[in-house]
Amino acid sequence: MHKVKEVSLADTARLFDYLQCGVFGAKFKLKGFEYAWTIRAREWKPGERVLDVGAGYSALPSYLADTFGCEVWAVDDFGMSAQQDFWKRARDPHKFVEQTQQVKYILERLGDPDESSLPLEYFDVICSSSALEHVPDQAIQSVWRHMDLLLKPGGEMLHAIDLKFQGDRGFSYLLLAGILDLFYRWFPSKWKSRYARATPRCYVYMIADILGFDKVPSMHGMNSIEMVLDPEILIEPPETTYNRIIKDNAIDIRYHRTAALLLHLIKAS
Ligand SMILES: C[S@@+](CC[C@H](N)C(=O)[O-])C[C@H]1O[C@@H](n2cnc3c(N)ncnc32)[C@H](O)[C@@H]1O
């Protein structure tokens, strides 16, 4: 069972506050919001054991280790076990890991506790930024179960998950997303994984099924139709889409607007 501390979408007002206060990582893009949100979400203490899931080359793990004296681990195989060279980003992950001594990197994919070297019930905090949306549908449930096993009783989860605005794909998709928002909770389990990333509400309902929540969060203003109408929701800037086209050769990108779902949960003691 998990207590729900926060379920929200990243918004411009908080980003402006993070920028004005000079919070580490704050920038005009979703990741910039997510790093600052993670840092601000709780009081970090020396010696706390932290796991960043899908950390890639992020500077957040080093920052948490250097600034707060946390024992920081990061789990990411940089796509190597799934032959997805894309995630190496034309760099050498082994070299990066060697140079980042203050963080303990585990070059694995989460999802199978039997195949993993990560210690169970070890971490005080498990966090991720712009990572969990890349987990394929069939692995979402096992990745969340694995994270739950790694977290200590009383430990915290802080996840920022980037999800698309279905309205960008046209009115019929928006309508379908609205229907999913209303009826997803009653879907059979195998459909739940398939549609989990369709909307923020669907994602939250799926996590609630897997972990168990103390209460169903209200998610006010978070349905797909309200999202389209809310100018406060922070979206990825066009520059990020452009970079993906140029650097990642993602020439088929059509839909640019992405929002960040923020989840802060506390595992029952
Ligand atoms: C967008 S990238 C890196 C995001 C990173 N957190 C940052 O802030 O730059 C997403 C990463 O998630 C990793 N990933 C995907 N599925 C994973 C899994 N099951 N376990 C661990 N990492 C995973 C990928 O290898 C990739 O490096």
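Nothing in this text is a laboratory measurement; each read-out follows from the coordinates by a stated rule. Here the structure is a predicted model, which means the values were calculated and not measured. Every residue, glycine as well, gets a Cβ built from its backbone with ideal geometry; the counts of neighbours run over all protein chains shown.
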Relative contact order for the chain, counting Cα pairs under 8 Å that sit 6 or more residues apart, in percent: 28 percent
Three-way shape label, segment 13-108, alpha-carbon gyration tensor, a/c 1.5: oblate
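Taking other Cβ within 10 Å of each residue's Cβ, how do Ile251, Ile39, Ile266 sort, fewest first?
Values: Ile251 8, Ile39 21, Ile266 18.
Lowest count first: Ile251, Ile266, Ile39.
Going by a ≥ b ≥ c, the root eigenvalues of the Cα gyration tensor, does the chain fall in the rounded group (a/c under 1.5), the prolate group (a/b larger than b/c) or the oblate group? All intermediate terms of the calculation are to be shown ahead of the outcome.
Details: a/c = 1.36, a/b = 1.21, b/c = 1.12.
Rounded shape, in that the Cα axes give a/c under 1.5.
What percent do you get for the relative contact order of segment 145-205 when only Cα pairs under 8 Å and 6+ apart count? List each step's numbers first, then the result.
Details: 32 pairs, mean separation 19.3, N = 61.
Relative CO of segment 145-205 lands at 32 percent.
List the GluC sites (Glu not before Pro) within segment 43-132 that DSSP assigns to loop and that have no more than 14 neighbouring Cβ atoms inside 10 Å.
Listed in order of number, the matching sites are Glu43, Glu121.
Let me know the Kirkwood hydrodynamic radius for segment 38-165, please, with Cα pairs as the basis and the value in Å to one decimal. Working shown, then result.
Details: mean 1/r = 0.0671 Å⁻¹.
After inverting the mean inverse Cα-Cα distance, the result is 14.9 Å.
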Ellipsoid equivalent to segment 144-269 - semi-axes via the Cα gyration tensor, in Å: 27, 19, 14
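Give the residue list of trypsin sites (Lys or Arg not before Pro) in segment 206-269 that are DSSP loop and have at most 15 other beta-carbon atoms within 10 angstrom.
Details: sites: Lys215, Arg244, Lys247, Arg254, Arg257, Lys267; in loops: Lys215, Arg254, Arg257.
Counting only loop positions with at most 15 other Cβ atoms within 10 Å, the trypsin sites (Lys or Arg not before Pro) in segment 206-269 are Lys215, Arg254.
Given just the C-alpha atoms of segment 148-216, how large is their convex hull per residue in cubic angstrom? Working shown, then result.
Working: hull volume 7.0 nm³, N = 69.
Hull volume over Cα atoms, normalised by residue count, gives 101 Å³.
Rounded, prolate or oblate: which fits segment 69-141, taking a ≥ b ≥ c as square roots of the Cα gyration tensor eigenvalues, rounded meaning a/c under 1.5, else prolate when a/b beats b/c? Please report the intermediate quantities before stating the final value.
Details: a/c = 1.64, a/b = 1.02, b/c = 1.61.
Oblate.
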Separation of the Glu232 and Lys247 label points, Cα + 7 Å toward Cβ, nm: 3.1 nm
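Hey, got a sec? Which chymotrypsin sites (Phe, Trp or Tyr not before Pro) in segment 170-264 land in a DSSP loop and have at most 14 other Cβ atoms within 10 Å? Please report the intermediate quantities before stating the final value.
Values: sites: Phe171, Tyr173, Phe183, Tyr184, Trp186, Trp191, Tyr195, Tyr203, Tyr205, Phe213, Tyr242, Tyr255; in loops: Tyr255.
Of the chymotrypsin sites (Phe, Trp or Tyr not before Pro), the ones in loops of segment 170-264 whose Cβ has at most 14 other Cβ atoms within 10 Å are Tyr255.
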